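Reviewing the structure listed below.
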Amino acid sequence: MNKLSKIDNIMYRVSDLEKAEEFYVNVLGMKKAWEDKDAKMIGFVFEQSDSEIVIHSDPNLPKFDYSYLV
């Protein structure tokens with residue numbers, strides 16, 4: 001039987017991308033890994049992992065999404 005190896009990324013929609021970026025960097029201490037201004041997305045990584053949290057402000061995308069490796 002396969003088992004979950006790790007969470008690859010989790011995506012959240014936020015209402016204010018700039019304020020959310022400040023929170024993830026300054027409060028949670030995450031590192032900004034990339035930004036796509038056209039898609040209104042920012043990816044953050046954990047210090048000890050390559051798992052990502054992705055935030056976006058596009059109302060046409062789902063509010064919440066995730067992907068994982070098995």
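Bear in mind these aren't lab numbers, they're just calculated from the coordinates by the rules spelled out. Since we're looking at a predicted model, the values are computed, not measured. For neighbour counting, all protein chains shown are included, and Cβ atoms are generated from backbone atoms with ideal geometry for every residue, glycine included.
Helical content of the chain, expressed as a calculated mean residue ellipticity at 222 nm, amounts to -2000 deg cm²/dmol (DSSP H runs of 4 or more residues, -39,500 (n - 2.57) each, divided by residue number, nearest 500). Think of each Lys and Arg Cβ as +1 and each Asp and Glu Cβ as -1; about the Cα centre, that makes the dipole of the chain roughly 240 debye.
Compactness of the chain is given as radius of gyration and Dmax, 12.7, 42 Å, from Cα positions. For a straight C-alpha distance cut-off of 18 angstrom, the aspartates and glutamates reachable from Lys32 (same-chain residues fewer than eight places away being disregarded) are Asp8, Asp16, Glu18, Glu21, Glu22, Glu47, Asp50, Glu52.
Taken one residue at a time, the phi angles of region 16-31 give Karplus couplings (6.51, -1.76, 1.60, θ = phi - 60°) of 10, 4, 5, 5, 5, 4, 4, 4, 5, 7, 7, 9, 8, x, 7, 9 Hz. Gly and Pro are set to x. GNM remark for the chain: springs join alpha carbons under 10 Å apart, and the peak mean-square fluctuation among Asp38, Asp58, Asp50 falls on Asp38. Taking every DSSP bridge with both residues inside the chain, close to 75 percent are antiparallel.
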